[in-house]
1. Going by the structure shown, is ILE132 closer than 22 Å to PHE89 by Cβ, hydrophobic (A, V, I, L, M, F, W, C) and assigned by TED's automatic domain parsing to the domain that holds PHE92?
2. I need the full set of residues from region 79-106 which are of a type outside the set (A, V, I, L, M, F, W, C) and at pLDDT below 95, in order please.
3. Just checking, which of PHE127, PHE146 is without any contact (Cβ under 8 Å) to a residue 24 or more places away in the chain and among the aromatic types (Phe, Trp, Tyr)?
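The values are calculated or read from the model by the stated rules, or taken from the named source; none is laboratory data. In this text, all values refer to a predicted model and were calculated from it rather than measured experimentally. Cβ sites come from the backbone with ideal geometry, for glycine too, and all protein chains shown count toward neighbours.
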Amino acid sequence: MAQQLKILNVSSVVLILFDPNLLLRKTQDLNNLLIIVRLGEYMAQKKQITPKKSQKDTSQKENTQKNKSSDLGTNIFATLSLIFGIVFFVPFAPILAIIFGFIGLNQIKTSGEQGKGLAIAGIILGFFWLIIFLIILVLIIMALTFLASHPIPPG
């Protein structure tokens, strides 16, 4: 019985895996199973049927795509975005964090590199520090206009 199962090639096993109900119904008689498998092989060779993609096949493809993207490394613009988002005290750093973050996200979509989270974090930090700086700027302008309109009396 084990020797007969070695005869099965990959395409016939794949055909059985796509229809597990067929395997459960026909396992009572091994001869019927072998006939069905050989019929599946014949039909696959004639290309009269095309097997459906299983979840196992698509998950294997996703894993290979993830491995390929991990080989590419992290996008440099995403890394720069996070760095400029953290180093907020450098002039124009928040603006550079936002710009580099969006450039990095665009490149990650097209190339499949890693670093999407870094780019998003850099964008968020860039906007956060930009808003903080604008609030401080508005408060300074308000304080200066108040002091200009209300001069301090001499002594």
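1. It is true that ILE132 is closer than 22 Å to PHE89 by Cβ, hydrophobic (A, V, I, L, M, F, W, C) and assigned by TED's automatic domain parsing to the domain that holds PHE92.
2. Listed by number, the list holds a single entry, PRO91.
3. Going through PHE127, PHE146 in turn, just one is without any contact (Cβ under 8 Å) to a residue 24 or more places away in the chain and among the aromatic types (Phe, Trp, Tyr): PHE146.
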